[in-house]
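Visitor: Here's a structure for you.
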Amino acid sequence: MSKCIGILGCGWLGLPLASALQKDGHSVKGTTTSPAKLDMLTKQSIDAHVVQLNQERADGTLAAFLEGLDTLVVNVPPGLRKGNSGNYMKKIRQLVAPVERSAIRQLLFVSSTSVYGSASGEITEDTQPLPITESGKQLLAVEKLLFSTKSFKTTVVRFGGLIGPDRHPVHFLSGKKNLQNGHETVNLIHLEDCIHMIRTIIEEGYWGEIFNGVYPHHPTKAQYYTNEAKNRGLIPPLYEPEFSEKTKKSIINKNFLIKGHRLYTSIAS
């Protein structure tokens, strides 16, 4: 059934997601924080709005954006790196009340596997989150807030590290030396599989659930990034030899798999 779907945050993930949902026959409304990007969204046949969530209010045309939506995808990262101490929870609170007043009955929140923090071993959706970063803590708090709201059903997708044609950590790691975490395993997902998961959740009506989004291949960081650098003609990073007793963390997308779905796009180049 065709729906009107809103994407709050039409960036690296949100823009190609909008295109995919349009191919599925849905109409799409989207937001950007920059007026300069409105034309780009409009050219893709997206009903475009400028919306900026702040700690005290929501600026822009949030009410007009929410009007007529059946489903809302919230794709707004915390942005708490590099010492930024902003309160992500307060920003999302500025969204919740307007959504409650709207006709929206399903909300998909794009979260992160950072909520698992210090948990180790095989991580599934049943694993107790133990966030250690400020970003992970606030993401988990927002998840709980959205699940506690009764006027709409929330589904959370916890994506691992995001990679795609123009985004890969190996470019940042190339040439670095004395890296200490080579024994840790990678937990990554390709952009195409992110879109595949979100489309599937909307199509199948998987609401009120939690999904991990990580490709089922977990080499060590030393193995993976060394190979990726060589395959791309980059200088490989150098990892210190380490004999760690720590249990490697492998995040499994159990909930998606038991429903008969899979991920398709390899994280290897």
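The values are calculated or read from the model by the stated rules, or taken from the named source; none is laboratory data. Bear in mind that the values here come from a model prediction, so they are computed numbers and not experimental data. Here the Cβ is made from the backbone with ideal geometry for all residues, glycine too, and neighbour counts use every protein chain on show. Quick note on the areas: whole protein, heavy atoms, side chains included, nothing else; ligands and nucleic acids left out. Shrake-Rupley method; radii C 1.70, N 1.55, O 1.52, S 1.80 Å.
Visitor: Take the range 224-240 and flag every residue that is surrounded by fewer than 15 Cβ atoms within 10 Å (Cβ to Cβ) and touching a residue at least 12 places away in the same chain (Cβ under 8 Å). Full working, then the answer.
Guide: Our first condition is that a residue be surrounded by fewer than 15 Cβ atoms within 10 Å (Cβ to Cβ); within the range 224-240, this holds for 230-233, 235, 238, 240.
Of everything in the range 224-240, those that are surrounded by fewer than 15 Cβ atoms within 10 Å (Cβ to Cβ) and touching a residue at least 12 places away in the same chain (Cβ under 8 Å) turn out to be 231, 232, 235, 238, 240.
Visitor: Let me ask you something else. What is the number of the single condition among (1) touching a residue at least 24 places away in the same chain (Cβ under 8 Å); (2) surrounded by 15 or more Cβ atoms within 10 Å (Cβ to Cβ); (3) touching a strand residue (DSSP E or B) at 6+ places or on another chain (Cβ under 8 Å) that residue 47 does not meet?
Guide: Condition (1) is where residue 47 drops out.
Visitor: Going residue by residue through the range 107-115, is there one that turns out to be open to solvent by 40 Å² or more (accessible area, probe 1.4 Å), more than 19 Å from residue 152 (Cα to Cα) and either in a loop (DSSP other than H, G, I, E, B) or of a type in the set (Val, Ile, Thr) (or both)?
Guide: no
Visitor: Scan the range 52-76 and report the pairs whose first residue is more than 21 Å from residue 158 (Cβ to Cβ) and whose second residue is open to solvent by less than 60 Å² (accessible area, probe 1.4 Å) and acidic (Asp, Glu), with Cβ atoms within less than 7 Å and a gap of 6+ or a chain change.
Guide: That search, which allows pairs on different chains as well, returns 52/59.
Visitor: Let me ask another. For the range 148-163, which positions are surrounded by fewer than 17 Cβ atoms within 10 Å (Cβ to Cβ) and of a type outside the set (Val, Ile, Thr)? Full working, then the answer.
Guide: Kept after step one, since they are surrounded by fewer than 17 Cβ atoms within 10 Å (Cβ to Cβ), are these residues of the range 148-163: 148-151.
Those that are surrounded by fewer than 17 Cβ atoms within 10 Å (Cβ to Cβ) and of a type outside the set (Val, Ile, Thr): 148, 150, 151.
Visitor: Condition check: surrounded by 13 or more Cβ atoms within 10 Å (Cβ to Cβ) and among the aromatic types (Phe, Trp, Tyr). Does residue 172 satisfy that?
Guide: On the way: surrounded by 13 or more Cβ atoms within 10 Å (Cβ to Cβ): no; among the aromatic types (Phe, Trp, Tyr): yes.
So residue 172 does not fit the description; no.
Visitor: Hey, another quick one. Going by the conditions given, is residue 128 modelled with pLDDT of 95 or more and either of a type in the set (Gly, Ala, Ser) or surrounded by 18 or more Cβ atoms within 10 Å (Cβ to Cβ) (or both)? Write out each step before concluding.
Guide: Working: modelled with pLDDT of 95 or more: yes; either of a type in the set (Gly, Ala, Ser) or surrounded by 18 or more Cβ atoms within 10 Å (Cβ to Cβ) (or both): no.
Spelling it out, it is not the case that residue 128 is modelled with pLDDT of 95 or more and either of a type in the set (Gly, Ala, Ser) or surrounded by 18 or more Cβ atoms within 10 Å (Cβ to Cβ) (or both).
Visitor: Still on this structure: Pull up the range 192-213, narrow it to residues that are assigned to a helix (DSSP H, G or I) and in contact with a helix residue (DSSP H, G or I) (Cβ under 7 Å, 6 or more places away or on another chain), then point me to the one that is most open to solvent (accessible area, probe 1.4 Å). Before the answer, list the steps.
Guide: Quick first cut of the range 192-213, residues assigned to a helix (DSSP H, G or I) only: 192-204.
This time we only want the ones that are in contact with a helix residue (DSSP H, G or I) (Cβ under 7 Å, 6 or more places away or on another chain), so: 195, 197-199.
Working: 195: 11, 197: 0, 198: 0, 199: 78 Å².
So, considering only residues that are assigned to a helix (DSSP H, G or I) and in contact with a helix residue (DSSP H, G or I) (Cβ under 7 Å, 6 or more places away or on another chain), the one most open to solvent (accessible area, probe 1.4 Å) is 199.
Visitor: Let me ask another. Evaluate the following for residue 87: is it at pLDDT below 95, open to solvent by less than 70 Å² (accessible area, probe 1.4 Å) and out of contact with any Lys or Arg (no Cβ under 7 Å at 6 or more places or on another chain)?
Guide: Numbers: at pLDDT below 95: yes; open to solvent by less than 70 Å² (accessible area, probe 1.4 Å): yes; out of contact with any Lys or Arg (no Cβ under 7 Å at 6 or more places or on another chain): yes.
Against the criterion (at pLDDT below 95, open to solvent by less than 70 Å² (accessible area, probe 1.4 Å) and out of contact with any Lys or Arg (no Cβ under 7 Å at 6 or more places or on another chain)), residue 87 qualifies.
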